[in-house]
Amino acid sequence: MTSREKLATLPSVDEYIKSSYGEQWLQSYYRRIVLRSIREVIDSRRREILDGSSPDVSIEGMAGEIERAIKKHSAYKLVPLINATGIVIHTNLGRSLLSGKAIENIVNTAGSYSNLEYDIAKGKRGKRYSTIQGIIKELTGAEDAIIVNNNAAAVLICLDTFARNREVIVSRGELVEIGGSFRIPEVMQSSGAILRDVGTTNKTHLADYRNAVCGNTGMILKVHQSNYKVIGFTEEVSTGDLVKLGKEFRIPVAADLGSGCMIGLEKYGVYGEPTVSE
């Protein structure tokens, strides 16, 4: 039998869907996943034939592989892992672990209706951010808080709100790329703010920031460098000194803290990570 003749014996997707196998799969799994899995196995058999093999192309002979593909695509994608990297809070492995008490509360609350957006005391609709806002304000001493998906989103909103079409002064040594390929210059460009980098890669002085202030300055930005660090002949300006400069010229100062450390971790052996309140 030639390759062309073998290819002609391959069952169609429609034949599978109308078979007893297809009916059973569609009763238990999402239709798109079933169709995708059938096509994958048929395509795999087609490649085998073109490579000179003679695989079983009967509906019964391919059913087992299709079912395994369906189960694979339907399975939960997040699974527990063992962290043997030596990095306790690993950004690729779920970051900080939740305590048993927190997990228990999530299970109890997520499996029931809750006061997510309901003010129990007032007996009417509330705000979904109110609970977490109160917690963050208590932990940090902040006047208010808003919660977004990630750090890049927070920076983007901050720049768009306070510095669209205006200059943002930032040290050249802090124009970093953070996880997920988010680059500070690109985030700034997306926000509509104008990048005004000062100093050099290894040294930036307070005078560099001061000299860059002009009538179109919208913000001074301080960026946490995370695990990127220049060592040796270096100098940078502290957030506190930048805040003083901002107050002098009545310019907002924003600090990008990266992951954001809520409490001091020194007693757990983690040093050098600035907290939000600091």
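The values are calculated or read from the model by the stated rules, or taken from the named source; none is laboratory data. Here the structure is a predicted model, which means the values were calculated and not measured. Note that we place each Cβ from the backbone using ideal geometry, even for glycine, and neighbour counts take in every protein chain shown.
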Boolean, V237 is within 25 Å of the chain's Cα centre (by Cα), on the phi < 0 side of the Ramachandran plot and buried (at least 17 other Cβ atoms within 10 Å of the Cβ): no
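Listed here are the residues, each with its yes/no results for (1) within 30 Å of G258 (Cα to Cα); (2) modelled with pLDDT of 95 or more.
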position	(1), (2)
L26	no, yes
R32	no, yes
D51	no, no
D56	no, no
K71	no, yes
S74	no, yes
R95	yes, no
Count - residues of segment 60-76 that are in a helix (DSSP H, G or I) and exposed (fewer than 15 other Cβ atoms within 10 Å of the Cβ): 7
Matching residues, segment 219-278, being at pLDDT below 80 and assigned to a strand (DSSP E or B): C261
Residue under evaluation T131, criteria (1) of a type in the set (S, T, N, Q); (2) over 23 Å from the mean Cα position of the chain (by Cα); (3) surrounded by 10 or more Cβ atoms within 10 Å (Cβ to Cβ), criterion not met: (2)
A102, sole failed condition from (1) in a loop (DSSP other than H, G, I, E, B); (2) closer than 21 Å to V270 by Cβ: (1)
The lone exception for S238 - which of (1) farther than 28 Å from I135 by Cβ; (2) out of contact with any helix residue (DSSP H, G or I) (no Cβ under 8 Å at 6 or more places or on another chain) it fails: (1)
Failed item, numbered, when I120 is tested on (1) of a type in the set (V, I, T); (2) under 21 Å from L257 (Cα atoms); (3) over 24 Å from the mean Cα position of the chain (by Cα): (2)
Filter result (over 14 Å from M62 (Cβ atoms) and either hydroxyl-bearing (S, T, Y) or free of Cβ contacts under 8 Å to residues at least 24 places away in the same chain (or both)) within segment 21-48: E23, Q24, L26, Q27, S28, Y29, Y30, R31, R32, L35
Residue within segment 152-171 that is in contact with an Asp or Glu (Cβ under 8 Å, 6 or more places away or on another chain) and surrounded by fewer than 15 Cβ atoms within 10 Å (Cβ to Cβ) present: no
Which numbered condition N211 misses (of (1) surrounded by 19 or more Cβ atoms within 10 Å (Cβ to Cβ); (2) of a type outside the set (D, E, K, R); (3) in a helix (DSSP H, G or I)): (1)
R164 being over 22 Å from Y228 (Cβ atoms), of a type outside the set (F, W, Y) and touching a residue at least 40 places away in the same chain (Cβ under 8 Å): yes
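In segment 4-62, how many are aromatic (F, W, Y) and out of contact with any helix residue (DSSP H, G or I) (no Cβ under 9 Å at 6 or more places or on another chain)? Show your work before the answer.
Step one: list which residues in segment 4-62 are aromatic (F, W, Y), which gives 16, 21, 25, 29-30.
Pick out the ones that are also out of contact with any helix residue (DSSP H, G or I) (no Cβ under 9 Å at 6 or more places or on another chain) and you get none.
Final tally of qualifying residues: 0.
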Complete set of residues in segment 258-278 that are within 22 Å of the chain's Cα centre (by Cα), free of Cβ contacts under 8 Å to residues at least 60 places away in the same chain and closer than 23 Å to K203 by Cα: E273, P274
